[in-house]
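Okay, handing you the structure first.
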There are 2 protein chains.
Amino acid sequence: MIEKKGVVAVILTIGDELLIGQTIDTNSAWMATALNHAGIAVRRRVAVGDDWDAIWTALTEEGKSSDIVLITGGLGPTSDDITKPLLCSFFGGEMITDKGALDNVVEIFSKKLNRPLLERNLKQADVPDNCRVIPNKRGTAPGMWFEKEGTIYVSMPGVPHEMKGMMTDDVIPELKKRFDVSPVQHRTLLTAGIGESFLAERLLDFEAALPKGIKLAYLPNYGMVRLRLTAAGAKDVEAMIDHQFEQLKSLVKEHLVIDQDLTLQETVAQMLLTKNKTLAIAESCTGGYISHLFTLLPGSSAYYLGGIVSYSNALKIDLLGVDPAIIEQFGAVSIETVSQMADGIRKKTGADFSIATSGIMGPSGETAQKQIGFVCVAFSSKEHTSTTTFQFRFDRQRNIELTAAHALDFLRKNMG
Amino acid sequence: MIEKKGVVAVILTIGDELLIGQTIDTNSAWMATALNHAGIAVRRRVAVGDDWDAIWTALTEEGKSSDIVLITGGLGPTSDDITKPLLCSFFGGEMITDKGALDNVVEIFSKKLNRPLLERNLKQADVPDNCRVIPNKRGTAPGMWFEKEGTIYVSMPGVPHEMKGMMTDDVIPELKKRFDVSPVQHRTLLTAGIGESFLAERLLDFEAALPKGIKLAYLPNYGMVRLRLTAAGAKDVEAMIDHQFEQLKSLVKEHLVIDQDLTLQETVAQMLLTKNKTLAIAESCTGGYISHLFTLLPGSSAYYLGGIVSYSNALKIDLLGVDPAIIEQFGAVSIETVSQMADGIRKKTGADFSIATSGIMGPSGETAQKQIGFVCVAFSSKEHTSTTTFQFRFDRQRNIELTAAHALDFLRKNMG
């Protein structure tokens with residue numbers, strides 16, 4: 001058993017789909033972020049199947065060493081969901097129908113879904129009589145707040161936006177009221193163009209001299225490394241971590257992309273907005289992925305005009321105006337072709353800046369001269385067109401992601 | 001403690017980033033799939049931070065009730081990684097330098113990375129003397145195979161493609177040799193246009209009559225429900241599950257999309273290949289996401305020509321040929337505009353089929369007539385143009401994903 005340090009939480013996710021790999025658990029990461037921001041450390045994350053003994057054991061064991069156990073999943077209307085009767089039995093309650101939850105089910109079915117209401121939907125309003133019901137504004141399954149031997153247990157549906165709504169509206173505010181927590185402080189920066197080991201060499205003395213309670217972590221991703229300082233505990237820790245963060249920034253300054261916990265696309269978006277410039281993208285090998293990264297950001301229409309996914313050569317020629325002779329002579333994956341793609345999309349759309357990608361993502365497509373993972377990227381503005389090439393050595397999905405990250409970094413550097 | 005049933009494994013992931021939400025754990029899902037295919041059931045998944053006590057406790061507790069503990073993470077070259085010395089101490093070994101791992105580190109640095117080799121990189125070749133070293137063909141950190149009191153512990157790096165390589169080349173084949181397992185059988189189908197509760201009503205008798213050892217699970221996702229039959233144990237279970245699967249298919253036949261564990265885009269891709277037809281896409285609100293879903297699939301250039309992300313109205317007019325008067329009169333988010341987008345992209349690219357999307361994804365952009373989540377989708381072929389509308393009620397990302405799923409389903413139905 002681990003000693004408790006401060007207020008600690010465990011995240012417990014329930015569902016067979018988690019144990020056979022059919023679902024990637026994104027809820028846990030979201031919940032961990034929300035808890036950390038509230039000053040509550042997550043001690044462990046545990047996933048178990050739709051199995052009575054496994055859930056019971058996990059509730060018993062995790063409850064012993066934690067103040068809070070947050071549970072998601074296992075609350076749907078179908079019979080593979082056993083969580084609710086189990087919770088009723090675990091906390092020694094009786095099932096009753098909750099009036100508020102019942103009204104909510106009826107309203108959702110009559111107003112939003114426009115579908116007849118089944119007996120099993122009504123059942124979703126049944127809850128153990130010894131829990132506090134947490135309203136679900138976004139779905140039919142209510143949340144449940146239990147307490148037992150000094151530990152709080154909160155059960156929420158596994159549907160991400162329903163869980164997120166309950167956490168934001170109810171669970172986090174309630175937990176903050178119950179525990180006097182000083183939030184955990186994080187400071188994160190993003191570097192590019194330097195490997196994890198080299199950063200570590202450079203930061204050896206800095207890390208050794210960090211005051212007790214401040215931790216440095218290296219988070220490498222897509223050839224870029226995020227550095228994170230974390231401090232918890234005392235109220236005066238904020239000044240301390242800010243001071244260390246300034247030092248850290250000066251130690252990595254020539255590789256610093258941004259001194260915030262932003263993604264590369266968010267960084268580029270900020271730059272475009274500040275400069276009041278617009279962007280268009282011509283994608284071959286990335287197939288719409290870079291465009292998707294921008295259009296996921298709210299308000300992206302302020303700087304992102306759109307793009308062309310010129311997956312076939314015919315589209316490179318017909319829609320982007322690439323010279324067929326250039327493709328013939330140098331190939332579709334060449335700095336010559338990608339330059340014309342970038343110039344073409346910029347002129348077609350009237351954007352201030354453009355980028356273009358062309359490459360061989362695998363698993364097939366290799367030629368004598370060009371290996372899988374070979375990528376050409378171009379940047380174009382009214383002032384200049386620049387190109388660069390990369391050789392990645394991964395699988396298709398990772399090659400696409402790496403190309404996107406490096407193309408965004410190339411855009412960032414070129415728009416200056 | 002839970003009784004062991006068959007050969008059971010636990011997946012243990014290590015890293016502070018998992019507990020503060022900075023990383024979504026995709027490794028566990030991949031590993032769970034690989035283990036299940038090999039006939040090894042996953043009992044639990046546990047994630048702990050870079051904390052000596054937490055890792056030690058997890059190894060002790062999970063080892064007690066499992067045959068296999070697969071560990072990822074905590075093996076990088078930087079000092080926030082404490083896993084290796086801990087494993088050495090936990091299994092009572094001494095650190096030695098492994099010749100093969102050392103050669104691998106030197107080769108990777110000299111041939112692939114073209115970077116000078118640091119002392120801390122060489123350290124990656126150090127391993128406890130009581131493990132079997134698992135070669136890492138894709139990175140510098142070797143894997144380690146330990147055995148203690150009848151349980152196998154395998155430690156692998158957290159970098160996904162390195163872990164996947166070791167699992168495929170070494171760990172899974174070795175585990176199959178060690179345990180006489182009959183693979184778990186899964187049969188999965190995808191339905192569309194019917195809710196989880198309605199399916200459950202319809203399948204009530206079927207589910208009640210399922211033979212012991214066969215389980216039915218409902219996996220709702222983006223308004224579609226996947227149904228999965230699972231059977232484990234005896235060798236004759238295959239015929240039994242196939243028989244039940246046929247029954248299940250006939251019970252849901254008018255909602256059946258496909259009787260395989262395929263995504264909607266994989267299903268559509270198969271149909272296009274079979275029909276020998278090509279596709280092009282004009283995306284406004286989905287911003288390149290549908291294009292990305294297709295281009296992630298290997299070999300997609302055989303049927304996918306490309307598309308236009310016409311995020312701005314100017315691009316809808318200039319690149320797709322939408323009549324400005326139509327946008328003026330009906331708005332960019334209208335069945336009139338989206339019809340012209342679909343026709344436009346089909347004619348521009350010469351594709352056999354096309355789809356187009358336009359909608360309001362939020363958080364802003366609502367009008368008096370059109371709410372956030374309102375989406376128009378069009379299909380176009382030489383024979384006909386069809387449109388449909390949806391009203392989603394979620395956040396931006398989920399609205400984009402739902403639009404993509406429903407547009408793909410609309411495409412599937414229209415190409416017949």
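The values are calculated or read from the model by the stated rules, or taken from the named source; none is laboratory data. Remember, predicted model here, so these are calculated numbers, not experimental data. Don't worry about glycine lacking a Cβ; one is built from the backbone with ideal geometry, like all the others, and counts go over all protein chains shown. What goes into the accessible areas is simple: the full protein's heavy atoms, side chains included, and nothing from ligands, DNA or RNA. Shrake-Rupley method; radii C 1.70, N 1.55, O 1.52, S 1.80 Å.
Tell me which residues, restricted to segment B:14-34, are surrounded by 21 or more Cβ atoms within 10 Å (Cβ to Cβ), under 11 Å from residue B:72 (Cβ atoms) and facing another protein chain (nearest Cβ under 8 Å).
Selection gives B:18, B:25, B:28, B:31.
Now, a different point. Mind listing whichever residues of segment B:356-384 are within 13 Å of another protein chain (Cβ to nearest Cβ), closer than 22 Å to residue B:306 by Cβ and of a type in the set (Val, Ile, Thr)?
Hit for segment B:356-384 is B:357, nothing else.
Do we find that residue A:232 is surrounded by 17 or more Cβ atoms within 10 Å (Cβ to Cβ) and of a type outside the set (Val, Ile, Thr) in this structure?
Here the answer is yes, as residue A:232 does meet what is asked.
Still on this model: Any idea which of (1) on the phi < 0 side of the Ramachandran plot; (2) surrounded by 14 or more Cβ atoms within 10 Å (Cβ to Cβ) is the one residue A:177 doesn't satisfy?
Against the list (1) on the phi < 0 side of the Ramachandran plot; (2) surrounded by 14 or more Cβ atoms within 10 Å (Cβ to Cβ), residue A:177 comes up short only on (2).
I'd like to verify a number: residues in segment A:371-408 that are of a type outside the set (A, V, I, L, M), surrounded by fewer than 22 Cβ atoms within 10 Å (Cβ to Cβ), under 19 Å from residue A:354 (Cβ atoms) and touching a helix residue (DSSP H, G or I) at 6+ places or on another chain (Cβ under 9 Å), how many?
9
Same structure, new question: Output the number of the condition that residue B:329 fails; it satisfies all remaining conditions of (1) without any contact (Cβ under 8 Å) to a residue 12 or more places away in the chain; (2) touching an Asp or Glu at 6+ places or on another chain (Cβ under 9 Å); (3) open to solvent by 30 Å² or more (accessible area, probe 1.4 Å); (4) within 21 Å of residue A:400 (Cβ to Cβ).
(4)
Restricting to segment A:240-276, what's the tally of residues that are touching a Ser or Thr at 6+ places or on another chain (Cβ under 9 Å) and outside any helix (DSSP H, G or I)?
8
Here is a follow-up. Restricting segment A:175-216 to residues that are touching a Lys or Arg at 6+ places or on another chain (Cβ under 9 Å) and more than 30 Å from residue B:109 (Cα to Cα), which is farthest from the other protein chains (Cβ to nearest Cβ)?
A:182
For residues that are under 18 Å from residue A:360 (Cα atoms) and aromatic (Phe, Trp, Tyr), scanning just segment A:281-316, find the one that is modelled with the highest pLDDT.
Restricting to residues being under 18 Å from residue A:360 (Cα atoms) and aromatic (Phe, Trp, Tyr), the top hit is A:289.
A further question follows. Can you pull out the residues in segment A:190-225 that are under 21 Å from residue A:35 (Cα atoms) and within 26 Å of the chain's Cα centre (by Cα)? Talk me through it step by step, then tell me what you get.
Within segment A:190-225, the first condition is being under 21 Å from residue A:35 (Cα atoms), and the residues that meet it are A:213-217, A:219.
Result: A:214, A:215, A:216, A:217, A:219.
Residues in segment A:52-69: is at least one touching a residue at least 40 places away in the same chain (Cβ under 8 Å) and over 31 Å from the mean Cα position of the chain (by Cα)?
No, there is no match, as no residue in segment A:52-69 is touching a residue at least 40 places away in the same chain (Cβ under 8 Å) and over 31 Å from the mean Cα position of the chain (by Cα).
At least 3 residues that are acidic (Asp, Glu) and either within 14 Å of another protein chain (Cβ to nearest Cβ) or closer than 29 Å to residue A:173 by Cβ (or both) in each: list the helices (runs of 4 or more DSSP H) lying fully within segment A:35-124 that qualify.
A:52-64
Taking residue B:159 as meeting all but one of (1) in the same structural domain as residue B:65 (by TED's automatic domain parsing); (2) touching a strand residue (DSSP E or B) at 6+ places or on another chain (Cβ under 6 Å); (3) among the β-branched types (Val, Ile, Thr), write down the number of the exception.
All conditions are met except number (2).
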